[in-house]
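One structure is given here, and the rest of the page talks about it.
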Amino acid sequence: MAFDQRNLQVFANFCGAAADAMAYTLMRTAHSAFVKETEDFSCQILTPEGLTFASPHRFGAPWYSGIDYGGLLATIETYEDGDVCITNDPAAGHVSTHTPDVHIWKPVFHEGRLVCFVVGHIHNTDVGGAVPASLSRSLTEIVQEGLRLPPVKVVEKGVVNDYILSLIRTNVRSPDQNIGDLSAQLASVAVGERKVLEIVRRFGYDAFMEGMRQLLDYAEAQSRAVISGIPDGTYAFADYADEDSVGGRPCRIKITLTIAGDEAVLDYTGSDPQLGSSLNMPTGGRERHALAMVGFTYVLYTLSPGIMLNSGTLRPARAVLPEGTVVNAGPTAAVGMRSLTCALTQIVTIGAFGLALPDRLPASSPGGNSIMNLKTTARNGRPIMASIGPVGGGGGGSPFADGSDAAGGITGFLRNTPLEISEAEVPIRFTRYGLACDSGGPGRHRGGLSAMMEFVVSTPETVVTARNRNRSLMPAWGMRGGRAGALSRFTRNPGTAQAVELANIDLVRCDPGDVVRVVAPGAGGWGDPFERPVDAVVADVRRGAVSEARAATDYGVAIVGGCLDAAATAALRAAPRPAAEHFGFGAERIAYEKVWTPERYDELTAFLAAMPLGWRFFLKHRIFEAVERQAGAEAGSLQPIFEELRARFAL
């Protein structure tokens, strides 16, 4: 039975409501704040082959709306009614993308026939390993990143495998929290199974099986229609993570976008090699891997907010992910901080599409959210391992509006944890929490302000982890004359003689009385800031978003003591200014690219791609050192350096 257009939408609504019910159950029954408050989880309903055809509309992380579980489903030989499987191994089907992401999947049978799978993942606050919260830029191989469960049945024919539960309990820092979250996942897929069977009974088995495939086809048709409206051509863009390792060099992510008719290719050739840190992405080179395609999904949804999101959305596009690079790392590589790199893949995708459609897409959101976690001990001796939430930048300014403050853009789905909940769960006291003045990139439409959090530690041997620290060296870019957002900051004991600027350090040991302050990076602005309405600038100053000094220098608006000086404003705005750039990269990136021009970096990555995998990261750093010894010289070819290294190491 084929659905007509009206009834297909009705069917889609039923399936979406089932996924929402799964997500709501998970959120309401989870134990950890990172799941029940921040909502770092996902739920999907899959075809028997593993393609997603329904996801929640209102809850959780949107990264996985097109995820393909096919490779993972194939790791289990047979499925029976009542089974639930589990894994968090990134090498298993390349579905779980770092060890804290625990995925479970449950087959749904109707009258003995497999109908679909109901699945989901959560980000566990900790899964053991070398550091609290399991993730740090400093880790260099996946065995340091905590417990890995190969694909296995945690429930078999309705009976829980207690050995798996004991294995989890033995290897994590907060076992009750992890088992509580797993119980919430099991409840979620049980609800999903029940809801799916209700839909099957309502529409019939044959209609359900046909309907899921029609949903994929419909999403594909919508996706092709959107791509067809984009000018054909090739558009290259790149951006950087501040450091490829602790105290390391910048890490480039490059994309070359090709639009041809109703199809798109996202080629990541020219990105950094596999790194000796945990920024690597475990995509397995799969051309529609969820991590590589999130930015593409975001762009389509921005251009057509009514589009249906499922695996069919991704059919007209494919990603090229060269093996042995940071976007397609090997199975032993550390991958815990892949979310930082994935954020950059989203940012460069939006940047490339911004070249094709400059008046329809926003400036950069920073993608450098600090995910704050604490490990400590309560006065009664109880160990504590908890997330206190993300500290993020806002959304980039768009052609139509200012960016949202503190949350928005590519990580807008991460919700903050109320301070009252964090203080009830963790022995800390918050002293400041709000928006950072002057952090949003200037523009006709201002970039979103960043969040700022400050707290006092009250117990000894407290370890603070700040996952995904970034944008302390290179800011989020502005667009169409808009300027870059502010850099991030991370400080222990600010304003004292003991103050330490931590930059991108993500693991800090603290004593009682220590103060920790983190200020997220701001988002880029869109359009010429001198074209921002004067009244809007005055309002920004009065509410503390922009200082009087920056109102004058960035916007050409003179405000003294809260009052507008109209004559001085007119003079400021009439003064000659440099021509606006398409992208406002900020002084830091501009200075960096005078040495590491795009052409020179292409030369670097091409050389490294031809080297043995185990040598690439090492050689990259030797080449950077050689270039630094040539400080002040013209940015010429790197070939003499390559030849010297080949000779020295017999390569």
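Structure above, values below:
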| quantity | calculated |
| --- | --- |
| Subset tally (residues that are in a loop (DSSP other than H, G, I, E, B) and either open to solvent by 50 Å² or more (accessible area, probe 1.4 Å) or closer than 30 Å to Gly522 by Cβ (or both)) for the range 594-612 | 4 |
| Members of the range 222-233 found to be assigned to a loop (DSSP other than H, G, I, E, B) and either of a type in the set (Val, Ile, Thr) or crowded, with 17+ Cβ neighbours inside 10 Å (or both), listed by number | Ile230 |
| Residue in the range 197-210 that is under 26 Å from the mean Cα position of the chain (by Cα) and either in contact (Cβ under 8 Å) with a residue 24 or more places away in the chain or in a helix (DSSP H, G or I) (or both) present | no |
| Out of Ala580, Ala626, Ala591, Ala570, sole residue that is assigned to a helix (DSSP H, G or I), in contact (Cβ under 8 Å) with a residue 12 or more places away in the chain and not basic (Lys, Arg) | Ala626 |
| Some residue of the range 253-260 being open to solvent by less than 30 Å² (accessible area, probe 1.4 Å), touching a residue at least 40 places away in the same chain (Cβ under 8 Å) and under 21 Å from Leu608 (Cα atoms) | yes |
| Single residue of Asp528, Asp511 found to be open to solvent by 10 Å² or more (accessible area, probe 1.4 Å), under 21 Å from Val557 (Cα atoms) and touching a residue at least 40 places away in the same chain (Cβ under 8 Å) | Asp528 |
| Identity of the residue in the range 503-520, within 16 Å of Arg467 (Cβ to Cβ) and in a loop (DSSP other than H, G, I, E, B), that ends up nearest to the chain's Cα centre (by Cα) | Ala520 |
| Top-ranked residue in the range 487-501 [being polar (S, T, N, Q) and at pLDDT 95 or above; ranked as surrounded by the fewest Cβ atoms within 10 Å (Cβ to Cβ)] | Thr496 |
| Residues satisfying the stated conditions in the range 8-35, i.e. under 21 Å from Ala221 (Cβ atoms), open to solvent by 20 Å² or more (accessible area, probe 1.4 Å) and in contact (Cβ under 8 Å) with a residue 24 or more places away in the chain | Phe14 |
| Close pairs from the range 484-503: first among the hydroxyl-bearing types (Ser, Thr, Tyr), partner part of a loop (DSSP other than H, G, I, E, B), Cβ under 6 Å, at least 6 apart | Ser488/Gly368; Ser488/Arg471; Ser488/Ser472; Ser488/Ala520; Ser488/Pro521 |
| All positions within the range 390-410 that are more than 19 Å from Phe583 (Cβ to Cβ) and open to solvent by 20 Å² or more (accessible area, probe 1.4 Å) | Ala401, Ser404, Asp405, Ala406, Ala407 |
| Top-ranked residue in the range 568-615 [being closer than 30 Å to Gly330 by Cα and among the β-branched types (Val, Ile, Thr); ranked as farthest from the chain's Cα centre (by Cα)] | Thr597 |
| Candidates Ala184, Ala236, Ala241, Ala219, filtered to the one that is among the aliphatic types (A, V, I, L, M), closer than 30 Å to Phe583 by Cβ and crowded, with 20+ Cβ neighbours inside 10 Å | Ala241 |
| One residue from Asp101, Asp126 being open to solvent by less than 50 Å² (accessible area, probe 1.4 Å) and touching a His at 6+ places or on another chain (Cβ under 6 Å) | Asp101 |
| Given (1) modelled with pLDDT of 95 or more; (2) in contact with a helix residue (DSSP H, G or I) (Cβ under 6 Å, 6 or more places away or on another chain), index of the condition Asn369 fails | (1) |
| Of the criteria (1) within 24 Å of Arg542 (Cβ to Cβ); (2) open to solvent by less than 60 Å² (accessible area, probe 1.4 Å); (3) without any contact (Cβ under 8 Å) to a residue 60 or more places away in the chain, which one Ala575 fails | (1) |
| Selection count, the range 427-470, where residues are of a type in the set (Asp, Glu), at pLDDT 95 or above and not in a strand (DSSP E or B) | 1 |
| Residue that is part of a loop (DSSP other than H, G, I, E, B), open to solvent by less than 10 Å² (accessible area, probe 1.4 Å) and touching a residue at least 60 places away in the same chain (Cβ under 8 Å), where the choices are Thr38, Thr52 | Thr38 |
| Some residue of the range 139-155 being farther than 30 Å from Leu507 by Cα, touching a strand residue (DSSP E or B) at 6+ places or on another chain (Cβ under 9 Å) and among the basic types (Lys, Arg) | yes |
| Where a residue in the range 436-458 is without any contact (Cβ under 8 Å) to a residue 24 or more places away in the chain and its partner, wherever it lies, is hydrophobic (A, V, I, L, M, F, W, C) and surrounded by 24 or more Cβ atoms within 10 Å (Cβ to Cβ), with Cβ under 9 Å and at least six apart | none |
| Hey, Thr302 part of a helix (DSSP H, G or I), over 30 Å from Val246 (Cβ atoms) and open to solvent by 20 Å² or more (accessible area, probe 1.4 Å) or not | yes |
| Condition met for His121 (assigned to a strand (DSSP E or B), open to solvent by less than 30 Å² (accessible area, probe 1.4 Å) and either touching a Pro at 6+ places or on another chain (Cβ under 7 Å) or closer than 25 Å to Gly180 by Cβ (or both)) | yes |
| Single residue of Leu321, Leu314, Leu291 found to be under 17 Å from the mean Cα position of the chain (by Cα) and surrounded by 23 or more Cβ atoms within 10 Å (Cβ to Cβ) | Leu291 |
| Selected residue (criterion: farthest from the chain's Cα centre (by Cα)) from residues of the range 552-567 that are more than 16 Å from Asp438 (Cβ to Cβ) and part of a helix (DSSP H, G or I) | Ala567 |
| Output for the range 541-551, where each listed residue is open to solvent by 10 Å² or more (accessible area, probe 1.4 Å) and over 29 Å from the mean Cα position of the chain (by Cα) | Val541, Arg542, Arg543, Ser547, Glu548, Ala549, Arg550 |
| Given (1) in contact with a Ser or Thr (Cβ under 6 Å, 6 or more places away or on another chain); (2) more than 29 Å from Ala609 (Cα to Cα); (3) open to solvent by 30 Å² or more (accessible area, probe 1.4 Å), index of the condition Val265 fails | (2) |
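The values are calculated or read from the model by the stated rules, or taken from the named source; none is laboratory data. Bear in mind the structure is a predicted one, so any value in this text is a computation, not a measurement. All Cβ positions, glycine included, derive from the backbone under ideal geometry; neighbour counts span all protein chains shown. Remember, those area values only see protein heavy atoms, side chains included, never the ligands or the DNA or RNA. Shrake-Rupley method; radii C 1.70, N 1.55, O 1.52, S 1.80 Å.
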